[in-house]
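One structure is given here, and the rest of the page talks about it.
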Amino acid sequence: EVEVRDAALAEIPRYLQGICETYVKEQCPDADVELMLQKLAMGLFYCFWHSDKPLVQHECAHKIALLMNSVSNASMQRIIIESIFRILSREWGRIDRYRLDKYMSLVRKLVYQMLMLIKRH
């Protein structure tokens, strides 16, 4: 399962770049892109849910946090961040006390990457 998860996480940056190119070239409505990215964020939420060992959790959280850097369009980065945090806020009440620490770790890594994006822009 770890191999499948790692392979999927490795493909997501290319997928996001494809969405970004379509978004910029064809000027897709934000609502369409947001819906696609919310579905992706939901998949990432459960991908992280099923990561069990601390080292796997740390690596998975790091890869998820770095996804916002896989596109260079600032508007698209904003939509990615919003989608991830919208799913996290919607699902937060369902996280049991055993998984709460690992999700807090994910949030810390996401916030750090957001601050790095702000620093670059």
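Each row is one residue, and each column tells you yes or no for (1) closer than 23 Å to Met116 by Cβ; (2) at pLDDT 95 or above.
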residue	(1), (2)
Val4	no, no
Leu9	yes, no
Glu26	no, no
Ala31	no, no
Ser72	yes, no
Arg78	yes, no
Arg86	yes, yes
Ser89	yes, yes
Asp96	no, no
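Out of the residues in segment 62-72 meeting the condition of being of a type outside the set (A, V, I, L, M) and either open to solvent by less than 40 Å² (accessible area, probe 1.4 Å) or closer than 16 Å to Glu1 by Cβ (or both), tell me which one is nearest to the chain's Cα centre (by Cα). So the residue we want is Lys63. For segment 33-44, the criterion of being modelled with pLDDT under 95 and of a type in the set (Val, Ile, Thr) is met by at least one residue. Taken over segment 106-117, the residue count meeting the criterion of being open to solvent by 30 Å² or more (accessible area, probe 1.4 Å) and farther than 19 Å from Cys20 by Cα is 7. Taking the criterion of being outside any helix (DSSP H, G or I) and not hydrophobic (A, V, I, L, M, F, W, C), the residues of segment 62-81 that qualify are Ser72, Asn73. Taken over segment 73-101, the criterion of being among the acidic types (Asp, Glu) and open to solvent by 80 Å² or more (accessible area, probe 1.4 Å) is satisfied by Asp101 alone. Counting only residues that are within 17 Å of His58 (Cα to Cα) and assigned to a helix (DSSP H, G or I), segment 89-107 holds 8 of them. Residues in segment 8-61 that are outside any helix (DSSP H, G or I) and polar (S, T, N, Q) were compared, and the one that is surrounded by the fewest Cβ atoms within 10 Å (Cβ to Cβ) is Gln27.
The values are calculated or read from the model by the stated rules, or taken from the named source; none is laboratory data. Note that the structure is predicted; figures quoted are calculated from it, not measured. Heads up, the Cβs are rebuilt from the backbone with ideal geometry, glycines too, and the neighbour counts pull from every protein chain shown. For accessibility, only protein heavy atoms count, side chains too; no ligands or nucleic acids. Shrake-Rupley method; radii C 1.70, N 1.55, O 1.52, S 1.80 Å.
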